[in-house]
Every structure is written in C-alpha cells, then in structure tokens.
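Read through the structure below, which is laid out as structure tokens, and then see the notes.
What follows is calculated from the coordinates using simple rules that are stated; it is not laboratory data. Keep in mind that what you see is a predicted model, and the values were worked out from it rather than measured. All Cβ positions, glycine included, derive from the backbone under ideal geometry; neighbour counts span all protein chains shown.
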Amino acid sequence: TPNAALAGTALMLAHGLFKATLFMVVGIIDHATGTRDLRKLAHLGGRLPLLAAIAGLAAASMAGIPPLLGFVAKEAALDAIATTDVIGRGWAIALLVGVVVGSMLTVAYSVRLIWDGFGGKGRPEPSPAVEGLHAPGPLLLSVPAALALGGLVGGLAAPAVDRLLAPYAETLPGQLDYHLALWHGFGLPLALTVIVIAGGVLGYLRLDRITHWHRRAWLGNADRAYDRALDGLDAMSGVLTRFTQRGSLPLTQAIILITFALLPSVVLLFGARIDVGFRLWDSPIQLVVGAIILVTAVGTAVMRNRLASVLLVGVTGYGCGVLFAVHGAPDLALTQFLVETLTLVIFVLVLRKLPAEVDDRGAAKYRPVRVVIAIAVGAMVTAMAAFAVNARSAAPISLQLPDLAYNVGHGKNVVNVLLVDIRAWDTLGEISVLLVAATGVASLVFRNRRFGLAPRVADASAETVSGGSGHPDAVTWLRGGDLIPTRHRLLILEVTTRLVFPTIMVLSVYFFFSGHNAPGGGFAGGLTAGLALVLRYLAGGRYELGEALPLDAGHILGVGLIFSAGTAVVSMLLGAPALSSATLEATLPLIGDVTLVTALFFDFGVYLIVVGLVLDVLRSLGARLDSPEETGASTARTETALEVEQR
C-alpha cells in the first residue's frame, strides 16, 4: 500500500543513517582501544564523551526513541500495519505482534550497546583497554557525527522528509492518507511505541535471566546449532562427492548427462499438460540432410581415428548450416559454416600432438551404458524442444523484431540489429568471454612466458633459413613458405593462397559493412578474415602468420573491446542509455547519400575481437607448437611414453 511504501522508505533512510553511524562507532572504538569486546570496556563514555553522544543518538534512533527519525519511521510502519486491509485482520495482527516483539529486541540491544559499551558497569576505575586508549581526532568523528545529527534533524523535520519520500509512495495503487510527522496524537502506534520501549528496557534488565532460560530451553545455542548444521552439510557433501567426483572425466560427464535426462523427464511427465505435435519435415531436402547428419553422428561415435571423427563432426555442423539456409536464415547459416570451418582447423591443429587412434580397449564394457545415456539425452533434448514450442500461449515477440530492427535500429538484417543494438548487452558479454577464453588458451599453451607476436621471417635463425626450400632465383609466393622444407611444401597451395587471400579479405570487409542490411556483420566478417589468416598459416607456416598480420593478438583484442565498450560509454556521455545507437546521414560528392548507424563502431569492436581471437589461437596452437623448442619437448615426451609402454 502507499502507506506501507512511505513507511518502508522512511525506515530505510533512518536505517542507513543510524546503522552506518554505529558501524563507524564500533570501528573507532576498536581503533582507539584495540578491542570490540564489551566485557573489556568500562568508563569509555567518560573518556570519549563526544563519541558516546554520537552513539547514543544513533542507538536511540535505532530503538525508535523520539524525536529521532527512527521513531517517526517506526510509528509510520506500525500505523500502516494496523490500518491495512489487504492481507486480512488475522495476518495484520500477527505481523503487528512480530514487529512489536522484534522492536523490543532492538531496544534491548540498543540499551546494551550504550550502557555496556560506554558505562562504568559499577567499576571504580576504567578498564585497562580504556585506560590506555588514544583519543580519535575530530576528522575521524566528523562523519559519524554528521550522520547521527542527520537522524535527529530528520525526526525534527519530518514533514520535509515526507515531501521527499511521498512521491514514490504515491506511485502505488491506492490512496496515501498518512504523512510523516513527529506527533500524531495519542493512538495505537504511540501506545505500541511505549510498550516496545518499556519491554525492551525490561528485557535488558532481565538479560541474565533470559540468557539462563535460553540456554536451558530447547532453543539451545545458535552458534553451536549453526556449526553442527555446517558440519552435517560438509559430511553429506563429502559422501556425495566421493561418489560423483572421483577424478574420472567419463564418470563426471555420465552423472551430468543422466541428471539432465532424468530430471526434466520427471517434471514433464508429472507436471506438463500440453498437447505436443510433431512435423517430421517440411521439405525433402530436410529429410536428406537429416539422414546425413544422423549417419555421420553415428559414424563419429564408432570411429577410432581422431581425424576422421573430427571430420564427421564437421559434417554434422555443416548439415545444421544447410538446415538454417533451407529455413530462410542465411545469417545463421553463414555463421554456422564459418564457425564450423574454423573449429575444424583448430581441432586439426590440436590433433597434431595427439595419437592418431583412440585407445578405448578398456572402455568396451561401458559402451552399452554410454549408448543408453546418449539416446536418453538426445530424446530429452528433442522432447524439451517440442514442449517448449508447443507451450507458447501468446504471439512470440520475434514477430515484432523486423519492424523494431527497421524503425529503431535502422537496419533490414534482423539478426545483426539484434546483436549490435536490441540485445547489445548480451553481445558485449559474449565477446568479453571470447577475450577471456583466448587469453586462457594462450596462457595454458605458453606456460612459462607469453609470446607477443607470431615469428616473422626476419626472426628466423640461420639454421632455419638454410633448411628451407627457397632458392635465390625462385619466385616467392609466400615469404614464410621459403622457410618450409621441400618435402612439406605445397606450391599449388601457396599460389592459390597468394591469389585468394586478397579476395577473402575484401569479402570480409564486405560482410562487415553489409551486415546491417544483408547477411553478414562484424562476427561473420571477423570469422572470414580469421579464415584468411588460417589459409596463410596452413600454406606458409608459422613465419607466414607473422608476415600476414604483424600485430600482437592481445592488442587487437584490447582495441576491439575498447571499441565495443566505448560505444556504451559514449552513448551514456551523450545522455542516452548505454549502447544506444544513432543514425548519421550525409550527402558526399560522387558518392551520394550516405547513412551511418553508430552501431557500426560496436560491430567493428566485434570484428577486431574475432580476428584477434583467431590470431591468438593460431599463434598458440599453431606457431607456438611448431617452434623448435616445443617440437623437441614433444618428441622427448613421446619417446619417454614409448619407453614406458615398452617396459
């Protein structure tokens, strides 16, 4: 209700003033005496009277003593509960009793704080901690003093506080018929305040008896109960993790997948009341592509050759891209093809350092269990997708996206406008994750120290140059290719790369600029440029990668993040919400009318981050693993493994 909202905001304001003051007071006491133990403090108020006065004002406001703001706010809360008709009289009375009892406890520990913290406790002399204190300076006391006086001024000037807080309370449905004031006359709130204060003081005076009863009652000791609960949770988690986390990756994956298959199925079985309909395909093309995906998926599971398995996984990914294209989603299809190609290359780079065949002789007995788990998970994913689609009861919001993208985002490509404008916060988070992932991969590979740039031809040693296949009179297609031994060099690939690389880069730039109105965008353009770098590396080796882009991958990633995050900051500096976009139009000579959407700068950051990510991966998993020291270490590890196996 509006009355409760007014009381709640007043309580929050009063709480901020007195609780911040008391936290600072405790810190000052600890700083001055070296302890916060009430048992070690006696006659502190006589030695630090100003600090005692500050604490007294704050504690009085916390206890709801007039004329402090805490009293005004607590009376407003008592009145709002006593007069409400939205929760029923029974619940209102129960809530009122709870607030009164809790307020009594607040008064009791407020009195204890002041009396036991600053009083003499019947001792003739100050305690040793107080006797040896060093008094705090005025600057240290100024801030809590200002806050404590704020609580006093707020209570005396309650109508002014009411004018500040009432506009919020009036936004709630209903009539605001209560206003903050220091005096509302005799009534139920004032009577309850008297009961609270009297009950709290009496509770403090009977503290020893209450503590003795509490220890003997079934309530026990809260600290010991809490410790026993934690010990029980530790023991239970130990038993659980000894079974579920035994260091076996297959077991961990199996438990996760079994949970994923069973838990949603039980919920859907007993809780769903939806008529699920299936349509197997819309066109024969989907049937053919689906069959290819199914065959390659089964082939991946039974194939022992790692490279063949990776290629089959790639076929399933390309099949998904074809399905996207058939369903009229060229943007998704383009991204899927580019990501699948790049992922395939990364897999191949990693597989160079792994055995060609998978040794699964010890896992044969678990194969039936794995088949069952795989089928269950696949069926569950299908069922969840079907339930999710059929559970829709209203028009999907996606129907509004084309008009929103065109009229607000000034673009015809809904997907790209969604990424760089409508849901730009998501994209900013995702590219930040990409940056962290690139850094993590490079850190794992480099181990000891991080190499900034991919090596260039000028960095090659004399031994590497002499071992290359280059000839002084030969035509150089790729500078790095001249350093590749003849038996590993493919001249046709080098010539093709030399001719195709500029075209791919132009296509990358085209994707970047056309993405707002046609398939493409910063992500697709960055992936295309990354694949051009992949081609240069595959054709010319690790030195060619440095020649293709002689920049530090970390710098490219950082500049990209600055562009993307800077777009958010600039829009805020111009008075617009973060990541807002604007349209700039101009007429240029010879070119004509030009329209520039500021989301292009955010997309440019995405472009740079993707390029930097690809360069970092190629530098880490490619150029670094190709280095002589890494090759030597890998050979030594392989020979050691062979010796162990022979023994």
Estimated vicinal HN-Hα couplings, Hz - the range 296-303 in sequence order (Karplus 6.51, -1.76, 1.60; Gly, Pro = x):
5, 5, 5, x, 4, 5, 9, 6
Work from the charge dipole of the chain (Cβ charges, +1 for Lys and Arg, -1 for Asp and Glu, about the Cα centre) and give the residue of W281, L507, G56 farthest towards its positive end.
G56
Cross-link candidates for K121: which lysines have Cα within less than 18 Å, leaving aside residues fewer than 8 places away along the same chain?
K40
Taking 584-592, 503-511 and ranking on average Cβ neighbours within 10 Å, highest first, one gets 503-511, 584-592
Under the 7 Å Cα-to-Cβ spin-label approximation, R487 and A582 lie apart by a distance in nanometres of 6.4
With θ taken as phi - 60° and the coefficients 6.51, -1.76 and 1.60, list the Karplus ³J(HN,Hα) couplings across the range 415-420 in order, rounded to whole Hz; mark glycine and proline as x.
4, 5, 5, 4, 6, 9
Per residue of the range 71-80, what does 6.51 cos²θ - 1.76 cosθ + 1.60 with θ = phi - 60° give for ³J(HN,Hα)? Whole Hz please, x for Gly and Pro, Karplus curve as stated.
5, 4, 5, 5, 5, 4, 5, 4, 5, 4
Using modelled amide H (1.01 Å from N, peptide plane; none on Pro or chain starts), what sits under 5 Å from the amide H of V597, excluding residues fewer than 5 places away?
L584
